[in-house]
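The values are calculated or read from the model by the stated rules, or taken from the named source; none is laboratory data. The model shown is predicted, which means the values in this text are computed figures rather than measured ones. Using ideal geometry, Cβ is built from the backbone for each residue, glycine included, and neighbour counts are taken over all protein chains shown.
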Amino acid sequence: MKFELLPDKVARVLSDAGRIADEIGYNIYVVGGFVRDLIIGVENLDIDLVVEGDGICFAKKFSEKYSAKLETYERFRTALVTMENGLSIDIVTARKEKYPHPAALPEVSEGTVRDDLFRRDFTINSMAIKLNSNDWGKVIDFFEGEKDLSKGIIRILHDLSFIDDPTRIIRAVRFEARYGFHMEEKTESLAVKAIESGIFDALSRERIGFEFDILLREKNFAEILKRMLNLGILEKIYPEIDLTDVLMDILASLDKKISLLQKNLKFNENIDKILLYILILHYNMNSEKACSSASRMRLNKSFKHEILSFINIRDNSLPMLIGKGSVSNYDIYIAFKEISTEVLVALYLIEDNHIFHERILKYINCLRSIKPCITGKDLLKAGVKPGPEFKEILQSILIQKVNGTINTIEEELDYVKKTRISSES
Ligand code: ATP
C-alpha cells in the first residue's frame, strides 16, 4: 500500500484513528474514493471511515483528541469531523441498505464492513483498508475492485444497482471520463436498459441537479456530456438542451479557447467556467425553454438572469453587432453595458464573426471602463444648478467620450462651458 505517499497529516490521522478504534474495541477502515485514488496514486483528501461499532462514539473520541469540530447525525449514526488542519473526515457506522422502491432513498440498518461495501456503487469504490494496529494497511477487496481498477473498468456490484439508484449511472460516466475508464459490458447494458425504462423520471430534480453540478466541475466535462448524449441520459434529464456539433466543439476546447481569448484581453479577471458551460448549454433555446431548463436544473437566480441576458442579446443586439452597417462605439457600449464578462465570452466563442469579435474586444478592452472625468463639483463650479441638467451633461459627455469626440478633461470642461453659454443665450 502506498501509505508512504500520503501527506503527513493524512497518515497521522489514519494511524490515530486505528489506535483510538483499538482502544474501544472497534474495527475501523478507510473506504471508497480515498482507497481507489490511493491505489492509482491520485491525491484525494476526502477521508471516509467505516466503523464496525458505533460510529458516533468513535467520532466523539477522535474529535476530542484533535479538539476538532464534530457534527453528528443520530438517525444514520454518522458523523463529520472537521479538523483545524483543513481535513474533514466522514465517519459512518457500518450499515446495510435496502431500497423500498426504485430511485428512493434507502432504508438502512446496522451491518458489517462487507455490508457497507456492498451498498456502494462500483467495485473500484468498494474497497477498504483496515486501520487497526494489528491489521494496519490490509486491503479489504470483496468484489475484485483492485483488478477492475488495474483494467480500467467500472462495474456495478449487483444487477439492480442502477434501478436502486440511477444517480450511479451519472457517477459511472463521471469516473469513465475522469480516469479514462469504461463501463464493463453488462454494467453498460444495464445502464442503457435503466435509462430506456425511464428510471430518471423517478429521481428528484434535486438529486439530478446535485450530480450535474459535480459534473460541471470535472476537467473533462465535454467528454462527459458527449457520453451522456450517446447513452441517452441527457435527453432524459435535461430535454431542453440541444447540443449541436458546433456547441460540442466549443465545450471540448473551452480551456484552450479561453486562454487564446485572454491573450487579446487587457484584463485579468476570473471567468466563471461553470457559468460559461451553462450559457453554452442554453444557447439553442428560446427564453421560454431556457426558463424551464433553468428551473429543471435548479439554477440559482443569478444564473437564470445571466441566461436570459445571454438570450436577449443574442436575439436583439446580435444582428446589428455582426453586420457591416455603421455601428458607433456608443451603440456597442449600450448593447453590452449591463452584460457580464461570461456572457460576452460565451457570445465571442459561439459567434464565428470577425467584426463581432472586434466589437466585443473593443468593449472589454476599452469602452466599458470609460467614464467622465469631471464630477458634480466641477459642474457646480461652472454654474450648473443641481438637478436633471447634471445628469444630462454627464451623459452627453459619456457618449462623446465613448465615440471619441471628447478625449481629455479640458475638452470635458470646454463642453460644459459651451453648454452653459448656449443654455443662457
Ligand atoms: P470523488 O473523488 O468525486 O469525491 P468519491 O468516490 O470519493 O468520488 P463521493 O461522492 O465522495 O465520491 O462518495 C464516497 C464513496 O461513497 C464512493 O467512493 C462510493 O463508495 C460511495 N458512494 C457515493 N455515492 C454513491 C451512490 N450513489 N451509490 C453507492 N455508493 C455511493
task: Evaluate the following for L243: is it more than 18 Å from E351 (Cα to Cα) and buried (at least 16 other Cβ atoms within 10 Å of the Cβ)?
output: no
Scanning the stretch 86-100 for residues that are outside any loop (DSSP other than H, G, I, E, B) and touching a Gly at 6+ places or on another chain (Cβ under 6 Å), the one farthest from the ligand (Cβ to nearest atom) turns out to be T93
(Q) Can you confirm whether E176 is without any contact (Cβ under 8 Å) to a residue 60 or more places away in the chain and crowded, with 19+ Cβ neighbours inside 10 Å? (A) yes
Selection over the stretch 356-378 where residues are in contact with a Leu (Cβ under 8 Å, 6 or more places away or on another chain) and more than 10 Å from Y333 (Cα to Cα) yields a count of 7
Is it true that some residue in the stretch 119-133 is of a type in the set (A, V, I, L, M, F, W, C), surrounded by 14 or more Cβ atoms within 10 Å (Cβ to Cβ) and on the phi > 0 side of the Ramachandran plot? no
Per the filter on the stretch 68-85, residues more than 16 Å from the ligand (Cβ to nearest atom), within 16 Å of L14 (Cα to Cα) and out of contact with any Phe, Trp or Tyr (no Cβ under 6 Å at 6 or more places or on another chain) are A68, E84, N85
Taking the stretch 171-229 and the residues there that are of a type in the set (V, I, T), within 14 Å of the ligand (Cβ to nearest atom) and more than 15 Å from the chain's Cα centre (by Cα), the one that is modelled with the lowest pLDDT would be I199
Counting only residues in the stretch 391-415 that are more than 26 Å from S326 (Cα to Cα) and not charged (D, E, K, R), the one surrounded by the fewest Cβ atoms within 10 Å (Cβ to Cβ) is identified as I409
Notebook entry, point to check: Is there a residue in the stretch 55-65 that is within 16 Å of the ligand (Cβ to nearest atom), within 30 Å of R205 (Cα to Cα) and crowded, with 16+ Cβ neighbours inside 10 Å?
Noted result: no
Given (1) of a type outside the set (S, T, Y); (2) touching a residue at least 12 places away in the same chain (Cβ under 8 Å); (3) in a helix (DSSP H, G or I), R75 misses just (2)
When every residue in the stretch 188-225 that is of a type in the set (V, I, T) and without any contact (Cβ under 8 Å) to a residue 60 or more places away in the chain is compared, the one surrounded by the fewest Cβ atoms within 10 Å (Cβ to Cβ) is I214
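Results for (1) away from the ligand (no atom under 16 Å from the Cβ); (2) in a loop (DSSP other than H, G, I, E, B); (3) of a type in the set (D, E); (4) out of contact with any helix residue (DSSP H, G or I) (no Cβ under 7 Å at 6 or more places or on another chain), shown as yes or no for each residue.
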position	(1), (2), (3), (4)
P102	no, yes, no, no
L105	no, yes, no, yes
V108	no, no, no, no
R114	no, no, no, yes
L117	no, no, no, yes
R120	no, yes, no, yes
N134	yes, no, no, yes
G137	yes, yes, no, no
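Taking the residues in the stretch 267-305 that are charged (D, E, K, R) and within 23 Å of K256 (Cα to Cα) as candidates, determine which candidate is farthest from the chain's Cα centre (by Cα).
E269
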Conditions (1) surrounded by fewer than 17 Cβ atoms within 10 Å (Cβ to Cβ); (2) polar (S, T, N, Q); (3) modelled with pLDDT of 95 or more -> S293 fails only (1)
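Every residue, every condition in (1) in a strand (DSSP E or B); (2) within 30 Å of the chain's Cα centre (by Cα); (3) of a type in the set (A, V, I, L, M); (4) at pLDDT 95 or above, yes or no:
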site: E23; (1), (2), (3), (4): no, no, no, yes
site: V35; (1), (2), (3), (4): no, yes, yes, yes
site: V42; (1), (2), (3), (4): no, yes, yes, no
site: L45; (1), (2), (3), (4): no, yes, yes, no
site: V50; (1), (2), (3), (4): yes, yes, yes, yes
The condition from (1) on the phi < 0 side of the Ramachandran plot; (2) surrounded by fewer than 17 Cβ atoms within 10 Å (Cβ to Cβ); (3) basic (K, R) that R298 misses is numbered (1)
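At least 1 residues that are basic (K, R) and farther than 23 Å from F212 by Cβ in each: list the helices (runs of 4 or more DSSP H) lying fully within the stretch 151-197 that qualify.
185-196
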Picked from the stretch 10-54 (must be touching a Lys or Arg at 6+ places or on another chain (Cβ under 7 Å) and of a type in the set (V, I, T)), the residue nearest to the ligand (Cβ to nearest atom) is I20
